[in-house]
1. At what distance in nm do the modelled label points of residue 19 and residue 81 sit from each other, each positioned 7 Å from its Cα along Cα→Cβ?
2. Give the Cα extents of the chain along the principal axes, in whole Å, largest first.
3. Quick one: among 47, 81, 26, which has the greatest mean-square fluctuation in a GNM of the chain with alpha-carbon springs under 10 angstrom?
4. May I ask you to compute the full-extension gain from residue 56 to residue 74, defined as 0.36 nm times their residue separation minus their alpha-carbon distance, rounded to one decimal in nm?
5. Taking Cα centroids, how far is the range 54-85 from the range 17-32 in Å?
6. Using a Gaussian network model of the chain whose springs link C-alpha atoms within less than 10 Å, name the residue from 23, 35, 13 with the highest mean-square fluctuation.
7. Given a Förster distance of 22 Å, report the FRET efficiency between residue 33 and residue 7 from their Cβ-Cβ distance, rounded to the nearest 0.05.
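Please treat every number below as a calculation from the coordinates, not as lab data. Because the structure is predicted, anything quoted here is derived from the model rather than measured. Heads up, the Cβs are rebuilt from the backbone with ideal geometry, glycines too, and the neighbour counts pull from every protein chain shown.
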């Protein structure tokens with residue numbers, strides 16, 4: 001089964017839709033089924049995006065992307081530093 005990639009805005013909108021349906025006395029299973037997601041996905045998204053607004057969710061995704069880019073950069077620079085250190089000591 002193909003996986004759908006939802007944007008942060010779509011996730012927040014779906015969570016709000018499900019919360020409205022829960023307030024209208026629907027079960028979590030029914031609300032999730034109507035939204036097209038599983039209960040497990042609902043709980044995972046609620047844990048991550050629970051009280052966020054659209055702008056906050058968008059900013060969260062941007063920060064996560066920037067954080068992963070910076071981690072890769074630090075890893076690459078650390079590796080280069082080790083290689084240069086080995087070359088300078090003559091251990092090549």
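1. Result for the modelled spin labels: 4.3 nm.
2. 72, 30, 18
3. 81
4. That pair, residue 56 and residue 74, stretches by 3.8 nm at full extension.
5. For the range 54-85 versus the range 17-32, the Cα centre distance is 38 Å.
6. Residue with maximal mean-square fluctuation among 23, 35, 13: 23.
7. For R0 = 22 Å, the calculated efficiency reads 0.55.
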